[in-house]
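Here, each number is a calculation from the coordinates, and none is a lab measurement. All figures in this text were calculated on a predicted structure; none of them were measured in a lab. Every residue, glycine among them, receives a Cβ derived from its backbone with ideal geometry; neighbour counts consider all protein chains shown.
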Amino acid sequence: MKQILLFSVGIVPLLFFSQNNKQAPNPPVVFEALAGNKGIASQMTINKGFQEVRGLGFFSAANISSKWNEDRSNDAMIQANITFEVIKNFRMLGGMHYTPTTGLRPTAGILYSLSTPEFLLIVNPRFIGFSEKSIAEGMMLLEYKPAINENWKGYSRVQALYSETIKDGAHARSYLMLRLGVSYKPLTFGLGANWDRYGPLKESKQNFGVFAAIRLFH
């Protein structure tokens, strides 16, 4: 639990900084694929507000990866949540979380998100499952997209996750994703690196390669 608390404290300065940026409407749906030395990894992120119902929205993140020699992937983490904005940029969320190991479980937490033309920040502390095997988890995504000219932008991203069992504080799952590249209109591409750890023994997997992403439904 202490790692999650330190993780949360570390992003507080970012939250204060981000309040000075102009809010952009409804971030796009983003689909990304990384082809690396060990395999392929994909991610889809949805963070949308419902225009018809003030304050109500939907947040989903799906990560699936597999090694080149695998016929089917056993490494997946998918969440889907309904969100409700209680104050500006802060939302309560509740929904479902799935991995092949733990199955489908309920989840609840808090979501902070800020989107501007140059900056995207998502912070999502949450609880997964409501039993003796419950997990506390924190996820942070930070993007910086400075304009180069009318059509091109630079692109960088840091994305991290850490989770542990509430009962004994054992490591459950963690990752760090780094991206560096450029964007041309809705397309982004460049270099990427993923570091993943699994279970109490922190079995590790790394994947380094090139990525491409597309932003849809802006």
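Would you order His171, His218 from fewest to most other beta-carbon atoms within 10 Å of each residue's own beta-carbon?
Details: His171 17, His218 10.
Ranked by crowding around the Cβ, least crowded first: His218, His171.
Sort Glu85, Glu203, Glu52 so that the residue with the fewest other Cβ atoms within 10 Å of its own Cβ comes first and the one with the most comes last. Could you put the intermediate results ahead of the total?
Numbers: Glu85 16, Glu203 10, Glu52 6.
Ascending Cβ contact count within 10 Å gives the list Glu52, Glu203, Glu85.
With r as the distance between the Cβ atoms of Leu191 and Ser134 and R0 = 41 Å, compute the FRET efficiency 1/(1 + (r/R0)^6) and round to 0.05. Let's see the in-between values first.
Numbers: r = 37 Å, r/R0 = 0.90.
Efficiency, from the Cβ-Cβ distance: 0.65.
Please work out the C-alpha center-to-center distance from segment 59-112 to segment 132-151 and express it in whole Å.
Taking the Cα centre of segment 132-151 as reference, the centre of segment 59-112 is 14 Å away.
Using a Förster distance of 22 angstrom, determine the FRET efficiency expected from the C-beta separation of Glu150 and His218, and round it to 0.05. Write down the numbers at each step before the final one.
Details: r = 17 Å, r/R0 = 0.75.
It comes out at approximately 0.85.
Holding the Cα-Cα limit at 28 Å, pick out from Lys133/Lys202; Lys88/Lys202; Lys48/Lys153; Lys153/Lys202 the pairs that are longer than that. Walk me through the numbers before you get to the answer.
On the way: Lys133/Lys202 18 Å; Lys88/Lys202 37 Å; Lys48/Lys153 23 Å; Lys153/Lys202 36 Å.
Beyond 28 Å: Lys88/Lys202; Lys153/Lys202.
Just tell me the longest site-free run in the chain, where the sites are chymotrypsin sites (Phe, Trp or Tyr not before Pro) in a DSSP loop having at most 16 other beta-carbon atoms within 10 Å.
Formally, the longest exposed-site-free interval is 131-216.
Cα extents of segment 56-101 along the three principal axes, largest first, in whole Å?
Principal extents (largest minus smallest coordinate, Cα): 47, 17, 12 Å.
Compute the relative contact order of the chain as a whole-number percentage, counting only Cα pairs closer than 8 Å that sit 6 or more residues apart in sequence.
Numbers: 552 pairs, mean separation 34.9, N = 218.
Computed value for the chain: 16 percent relative contact order.
Distances longer than 17 Å among the Cα atoms of segment 166-218: what percent of all pairs is that?
Working: 745 of 1378 pairs.
The answer is 54 percent, as a whole percent.
Expressed in nm to one decimal, what extension gain is obtained for the pair Asn37 and Met92 from 0.36 nm per residue of sequence separation less their Cα-Cα distance? Provide the component values of the computation, followed by the final result.
Numbers: separation 55, 0.36 × 55 = 19.80 nm, distance 3.83 nm.
Gain in length upon complete extension: 16.0 nm.
Could you tell me the convex hull volume per residue, in Å³, taken over the Cα atoms of segment 127-179? Intermediate values should be presented prior to the final figure.
Details: hull volume 3.7 nm³, N = 53.
Taking only Cα atoms, segment 127-179 has a hull volume of 69 Å³ per residue.
In whole Å, what are the Cα extents of the chain along the three principal axes, biggest one first?
For the chain, the Cα extents along the three principal axes come out at 51, 44, 32 Å.
Between Ala62 and Ala76, what length in nm is gained on full extension when 0.36 nm per residue of separation is reduced by their alpha carbon distance?
Numbers: separation 14, 0.36 × 14 = 5.04 nm, distance 0.75 nm.
That pair, Ala62 and Ala76, stretches by 4.3 nm at full extension.
Evaluate the relative contact order of segment 108-218 (contact order divided by residue number), counting alpha-carbon pairs under 8 angstrom at least 6 apart; express in whole percent.
After rounding, I find 16 percent.
Quick one: what Rg and Dmax do you get for segment 89-167 from the alpha carbons, in Å?
16.0, 53
For a quick check of your reading of the filter: which trypsin sites (Lys or Arg not before Pro) in segment 45-96 sit in a DSSP loop and have no more than 11 other Cβ atoms within 10 Å? Present the calculation step by step, with values, prior to reporting the outcome.
On the way: sites: Lys48, Arg54, Lys67, Arg72, Lys88, Arg91; in loops: Arg54, Arg72, Lys88.
Listed in order of number, the matching sites are Arg54, Arg72, Lys88.
Tell me, what HN-Hα J-couplings in whole Hz come from the Karplus equation 6.51 cos²θ - 1.76 cosθ + 1.60 at θ = phi - 60° for each residue of segment 157-167, using x for Gly and Pro?
My calculation for segment 157-167 gives 8, 10, 9, 9, 9, 9, 9, 8, 6, 5, 4 Hz in order.
Tally Lys and Arg at +1 and Asp and Glu at -1 over the other residues with C-beta under 12 Å from the C-beta of Ile214: what net charge comes out?
Values: positive: Lys185, Arg215; negative: Glu32.
Here the charged neighbours net out to +1.
Against the globular-protein guess of 2.2 N^0.38 Å, express the Cα radius of gyration of segment 89-134 as a ratio, rounded to two decimals. Could you put the intermediate results ahead of the total?
Numbers: Rg = 13.3 Å, N = 46, 2.2 N^0.38 = 9.4 Å.
Dividing the Cα radius of gyration by 2.2 N^0.38 Å gives 1.41.
So how much slack lies between Ala170 and Gln51, counting 0.36 nm per residue of separation and subtracting their Cα-Cα distance, in nm? Display every interim value, and only then the final one.
Values: separation 119, 0.36 × 119 = 42.84 nm, distance 4.09 nm.
Result: 38.8 nm gained on full extension.
Could you give the size of the charge dipole of the chain about its Cα centre, using +1 on the Cβ of each K and R and -1 on the Cβ of each D and E, expressed in debye and rounded to the nearest 20?
Numbers: 23 positive and 15 negative charges, 36 e Å.
I would put it at about 180 debye.
Placing +1 on the Cβ of each Lys and Arg and -1 on the Cβ of each Asp and Glu in the chain, which of Trp68, Leu104, Trp195 has its Cα farthest towards the positive end of the resulting dipole?
Going by the Cα projections, it comes out as Trp195.
Taking the alpha-carbon set of segment 33-142, what are its Rg and Dmax in Å?
Gyration radius and largest Cα-Cα distance of segment 33-142: 15.4, 47 Å.
Less than 19 Å from a label point 7 Å out along the Cα-to-Cβ axis of Asn69: which backbone N atoms in segment 186-207 qualify, by residue?
So the set is 204-207.
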